[in-house]
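Just so it is clear, none of the values below were taken in a lab; they were calculated from the coordinates. Since the model is a prediction, treat every value here as computed from it, not as a measurement. All Cβ positions, even for glycine, are placed from backbone atoms using ideal geometry, and neighbour counts span all protein chains on display.
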Amino acid sequence: MYTDVYKKYVNNFKTILPFILVKVGIDLLNYFSGSSVKRVEKYDMVFGIGEIIRNMEIQLIVLGLFLFISSPIIYAFMALLCKKILKDEEDINLGETLRESTHYYFRYIGLSIIIIVIMIGISLFMILTGGMFLLIIPIVLFLLYFAITVEPCTEYLVYSDSSVEEAFSGGRKIGKKYFWEIVGLNIITTLISLVFKSSFFLNMPGLLIVSFITAIIQGYVIMFRMNLCTLEN
């Protein structure tokens, strides 16, 4: 299963490259925004430039809003690319695919919000249990189980062009069926990411390398989840 997806991914790498470059660009934007605030804070007590810091904080808020608005389109675009690649469509038009990805925008946001709210609810319930050790362990395990089983939901939304409710239930069904395959992929990708992050210093060349590798891994994960949807249909 992993190998088949890998072959598709490598053979269509040029088509997927725009997603990877956009992800690297976002990482660089985050890096420069964060480092700008830190550089200003270093000299604030000496020069009294609190106003500049406030402006930097506004920039971070604007960046956060930009990411919130753009992320659904970026990930829906990648999921739609993977869907077309796995269906062996020829002459995939990136501009047309980008326009098509906006069709999922509000449903993608709605589905993501539902998943986040449920996970926050489970986490809050765990906090409210306080020191009840016997309850904390099963709650943590359930939270991890839930997080794994909902991973294919957004890909299922794009694959089936369904409602939010259908994407949630259909995606979880696939997540439960291929639970251990998803866990195995998460372990592999996490280990690879840790190796690269620990091997390069966080200077500009190192950041570029780590961001590029991380984006490649993210792209592969999306294609893997989309492949699970195709196997079920």
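Leu191 passes every criterion in (1) surrounded by 13 or more Cβ atoms within 10 Å (Cβ to Cβ); (2) part of a helix (DSSP H, G or I); (3) free of Cβ contacts under 8 Å to residues at least 40 places away in the same chain apart from (1). Residues that are closer than 23 Å to Val5 by Cβ and free of Cβ contacts under 8 Å to residues at least 60 places away in the same chain within the range 73-92 comprise Ile74, Phe77, Lys84, Asp88, Glu89, Glu90, Asp91, listed in sequence order. What residue, of Ile115, Ile174, Ile148, is in contact (Cβ under 8 Å) with a residue 24 or more places away in the chain, surrounded by 13 or more Cβ atoms within 10 Å (Cβ to Cβ), assigned to a helix (DSSP H, G or I) and touching a Pro at 6+ places or on another chain (Cβ under 9 Å)? On inspection, the qualifying residue turns out to be Ile174.
Residue by residue, here is whether (1) of a type in the set (Ser, Thr, Tyr); (2) surrounded by 14 or more Cβ atoms within 10 Å (Cβ to Cβ); (3) in a loop (DSSP other than H, G, I, E, B) holds:
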| site | (1), (2), (3) |
| --- | --- |
| Glu89 | no, no, yes |
| Leu143 | no, yes, no |
| Ser162 | yes, yes, yes |
| Glu165 | no, no, no |
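A single member of Tyr220, Tyr159 is under 21 Å from Ile26 (Cβ atoms) and of a type in the set (Phe, Trp, Tyr), and it is Tyr220.
Take the residues of the range 129-141 that are among the aliphatic types (A, V, I, L, M) and surrounded by 10 or more Cβ atoms within 10 Å (Cβ to Cβ): which is farthest from Tyr159 (Cα to Cα)? Only one residue tops the list, namely Met132.
Please work out if Ile209 is over 22 Å from Ile148 (Cα atoms) and touching a Ser or Thr at 6+ places or on another chain (Cβ under 9 Å). Taking the combined requirement at face value, the residue satisfies it. Condition test on Glu96, is it outside any helix (DSSP H, G or I), without any contact (Cβ under 8 Å) to a residue 60 or more places away in the chain and of a type outside the set (Gly, Ala, Ser)? Considered against the rule, which asks whether it is outside any helix (DSSP H, G or I), without any contact (Cβ under 8 Å) to a residue 60 or more places away in the chain and of a type outside the set (Gly, Ala, Ser), Glu96 comes out as no.
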